[in-house]
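Any read-out appearing in this document is the output of simple, stated calculations on the displayed coordinates, not a laboratory observation. Fair warning: this is a prediction, and the values are worked out from it, not measured in the lab. Cβ atoms come from the backbone with ideal geometry, glycine included; neighbour counts cover every protein chain shown.
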Amino acid sequence: ETGVTQTPRHLVMGMTNKKSLKCEQHLGHNAMYWYKQSAKKPLELMFVYNFKEQTENNSVPSRFSPECPNSSHLFLHLHTLQPEDSALYLCASSPQTRERYTDTQYFGPGTRLTVL
Amino acid sequence: GESVGLHLPTLSVQEGDNSIINCAYSNSASDYFIWYKQESGKGPQFIIDIRSNMDKRQGQRVTVLLNKTVKHLSLQIAATQPGDSAVYFCAENRGTSGTYKYIFGTGTRLKVLA
């Protein structure tokens with residue numbers, strides 16, 4: 001798991017709190033992703049960044065705000081969340097180079113978020 | 001609607017036996033597939049991938065088979081070990097024109113019995 005790291009691993013927050021999730025990739029990749037994983041549901045893509053530019057926002061509520069200051073770091077800022085936002089939030093990265101025929105995503109360990 | 005799904009939510013196998021985990025997809029234009037393994041408390045871990053111009057690919061103890069005719073993907077694990085116990089799910093690339101957008105299945109839980 002040293003390729004993609006996420007902090008914190010666990011987070012408990014109230015609905016009025018503001019917190020941030022951090023992701024860092026040490027793989028030299030050009031794309032980074034945020035996913036939400038809820039119990040018994042498929043992974044849900046939230047945001048995609050390619051070369052620091054946001055290329056996809058999968059209809060995510062504005063209480064989730066991503067930030068990508070460089071190709072190695074990705075943040076997810078959280079504010080006024082709801083209990084139904086409790087889930088495992090996963091970060092991933094991929095090479096995203098046109099010379100490759102494939103673009104495998106590598107995941108971090110996730111942040112287990114509980115909203116009270 | 002189009003979906004990526006798994007035939008069985010839970011699969012129990014005896015240690016040492018072979019495991020087969022299945023995945024159905026419905027988008028005939030999908031050109032790339034990945035199998036992931038997710039252990040409890042961890043993020044998904046890449047196992048093996050396959051492009052649509054292939055029908056079989058082998059790794060260490062794992063084989064992925066792709067049947068484009070019936071839009072079916074399977075993961076075979078040889079000589080299943082206790083450490084193989086995890087949730088396995090497939091991912092399908094729905095991106096076009098060289099882009100990548102993955103749709104993930106719900107997952108199958110593999111339980112290895114001693």
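Below, the figures for the structure above:
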read-out	value
Principal axis dimensions, largest first and in whole angstrom, of chain A by Cα	45, 26, 26
Relative counts (whole %) of C-alpha pair distances in the protein assembly as shown, using bins that are 5 Å wide	1, 7, 14, 18, 19, 17, 12, 8, 4, 1, 0
Partner chain coverage, peptide B:44-56 - average Cβ within 10 angstrom	2
Rg/Rg_globular for the range B:5-60, with Rg_globular taken as 2.2 N^0.38 Å and Rg from C-alpha atoms	1.30
Alpha-carbon centroids, the range A:45-75 and the range B:6-81: separation in whole Å	29
Ranking of B:THR63, A:THR55 by count of other Cβ atoms within 10 Å, fewest first	A:THR55, B:THR63
Taking only Cα atoms of the range A:18-63, radius of gyration then Dmax in Å	12.0, 32
Residue order, fewest to most beta carbons within 10 Å, for A:HIS79, A:HIS29	A:HIS79, A:HIS29
Fewest-first ranking of B:PHE46, A:PHE107, A:PHE75, using other Cβ atoms within 10 Å as the exposure measure	B:PHE46, A:PHE75, A:PHE107
DSSP-loop GluC sites (Glu not before Pro) across the range A:1-107, with at most 15 other Cβ within 10 angstrom	A:GLU1, A:GLU99
The protein assembly as shown: antiparallel DSSP beta bridges as a percent of all, rounded to 5	90
Flagged links, alpha-carbon separation over 18 Å, of A:LYS22/A:LYS52; A:LYS36/B:LYS42; A:LYS40/B:LYS37; A:LYS52/B:LYS42; A:LYS40/B:LYS68; A:LYS41/B:LYS37	A:LYS52/B:LYS42; A:LYS40/B:LYS68
Whole-number percent relative contact order across chain B, with pairs defined as alpha carbons under 8 Å at least 6 apart	36
Ellipsoid equivalent to the range B:18-114 - semi-axes via the Cα gyration tensor, in Å	23, 15, 11
